Amino acid sequence: MANSLNSGFLAWLRRDLLLAYRRRGEAASPLVFFVMVSTLIPLGLTPESARLAEVAAGMIWVMALLATLLSVDGLFASDYQDGSLEQLLITPQLLPMPLLGKITAHWLTTGLPLTLVSPLLGLMLSLPASGYLPMICSLALGTACLSLTGAVGAALTVSLRKGGLLLSLLVMPLYMPVIIFGTATVTYAIDGLNWLPPLAILGALFAASIALCPLAAAGALRITSAN
Amino acid sequence: MPHSPLLKVENLAFERDDNSVLENIDLSLNSGEIIQIEGANGSGKTTLLRLLTSALQPSAGNIFYKGSPIGECRYQYLSDMLYIGHQPAVKLTLTAEENLRWMVNSSAKTNQLSIADALAGVGLAGYSDIPCYTLSAGQHRRVALARLLISEAALWYLDEPFTAIDKQGVSFLESRLQEHLDSGGVVVLSSHQDLALNNLRKYSLNPPAGQVQ
């Protein structure tokens, strides 16, 4: 059992992290997008900190969501093209474990850096001090949900030539609860309310996604590869 | 007790979008036997191999491994199988050694041969820590074929293994295949090449009836 965990989850996690490390420039693009667009907001909207503070939480969350959506498209694409996905489908191990490894690697290379850099953006968008901790907590949990649900969409669209738009349409509805409760966590904290309930709902969403999404992604890959 | 072949395929068929791609495929392989699938381009060689790997589900028919349907012994069947597809599954940004280590880790039955020795065996000694994007197409194929040196799986499914391989590579591959057959394994491969192997049978795929020939 330990061996199957190692050759499934950990092996794919390690491999995808190594691949991301070898293509650092490409792997950093969601983060660069996140930071760049967020610096444009004060220029385009208003540099006035009182008004920026009102929209800061929502803006950071929208950027995080778009940055994840941009990168999740490529989760299975290169594996599909070079035949690795075919090899993955015929491993004797249970398919969801390697997929969870891939998804974890995706979160470690997109969601986690976004979360870590978000306080900087909070500063740029004059986020009130009480919002920082809830923002970090909600982004850490929320981006993990985004990676997990995004993987299902990526698995469904992997065999299409231009699956990007379809992928966005498929996963956008599933992203809505995440962004609603993510921004709610931050705005509740700024308004001086108890911010733990929306965060708890994010936690519940995360628990549901980590249990269901690898299974759904595995099923989706079996369907899309069957032609 | 009746003797059941290692691999038996009964009446296998596959349809894609209501078009029949393969029909009435019957194969039977005892240990030490090799089948070469022949057929024109587009006659379904790759499809047949992918059906055998269970990556594709047949629309009719059954595949038996040691007498039982592969649906019932999936883990044993897949652990005892090695498939090298049309795409060599080589990651361009990884080195030859990392690629091979990765492929070997995901397969169940392996021998004690080291990664470096396997790469040397396919003529890639000295290339082990060079990223694969600097290697040629034939060398990519050799990285994938190095798995054959390490694998202990009994069933080998090889889709056009000789693509982009030079003459020495072909004769090396032939001797490795013979070695595998002599030790009781079976091979199903698709190739347009004429092979000098014992116990070789050819299986020709014809376009299904109803199609213009």
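Read-outs throughout are calculated quantities, based only on the coordinates presented, and are distinct from any laboratory measurement. A quick note: this is a predicted structure, and the numbers were derived from the prediction, not measured. Quick reminder, even Gly has a Cβ in these numbers, built from the backbone with ideal geometry, and neighbours come from all protein chains shown.
Under 19 Å Cα to Cα from B:Lys8, which lysines show up? Leave out anything in the same chain fewer than 8 places away. Within reach: B:Lys45, B:Lys66, B:Lys202.
Shown here for region A:5-69: GluC sites (Glu not before Pro) in loop regions (DSSP other than H, G, I, E, B) with at most 15 other Cβ atoms within 10 Å, namely A:Glu48. Here the simple spin-label model places points 7 Å from the Cα toward Cβ, and for B:Asp194 and A:Tyr132 these points are separated by 7.8 nm. Distances longer than 21 Å among the Cα atoms of region A:62-149: what percent of all pairs is that? In whole percent, the long-distance tail amounts to 41.
With each label modelled as a point 7 angstrom along the Cα→C-beta vector, the B:Ser204-B:Ala137 pair spans 2.8 nm. Placing R0 at 56 angstrom, the Cβ-Cβ distance between B:Thr163 and A:Met176 gives a FRET efficiency of 0.75 after rounding to 0.05. In this simple spin-label approximation, B:Asn19 and A:Leu10 carry label points 7 Å from Cα along the Cα→Cβ vector, and these lie 4.7 nm apart. Using only alpha carbons, region B:99-138 has a radius of gyration to Kirkwood radius ratio (Rg to Rh) of 0.98. Among B:Tyr65, B:Tyr203, a tally of other beta-carbon atoms within 10 Å of each Cβ gives an order, fewest to most, of B:Tyr203, B:Tyr65.
Listed by Cβ neighbour count within 10 Å, with the fewest neighbours leading, B:Cys132, A:Cys145, A:Cys213 appear as B:Cys132, A:Cys213, A:Cys145. Classify region B:87-153: rounded, prolate or oblate, from the alpha-carbon gyration tensor (a ≥ b ≥ c, eigenvalue square roots; a/c under 1.5 rounded; otherwise prolate if a/b is larger than b/c)? Here region B:87-153 falls in the prolate category.
Solvent-free Debye calculation, one equal scatterer per alpha-carbon of the protein assembly as shown: log10 I(q)/I(0) at 0.10, 0.13 Å⁻¹ equals -0.77, -1.11. Residue exposure proxy: B:Ser114, B:Ser54, ordered by other Cβ atoms within 10 angstrom of their Cβ from fewest to most, comes out as B:Ser114, B:Ser54. Within the shell defined by Cβ-Cβ distances under 11 Å, the residues around B:Ser79 carry a net charge of 0, with Lys and Arg each +1 and Asp and Glu each -1. Between A:Thr46 and A:Arg161, residue separation times 0.36 nm minus the direct Cα-Cα distance comes to 37.4 nm. In summary, the convex hull built on the alpha carbon positions of chain B has an orientation-averaged projected area of 12.8 nm². Mean sequence separation of contacting Cα pairs (under 8 Å, at least six apart), scaled by the length of chain A, corresponds to a relative contact order of 27 percent.
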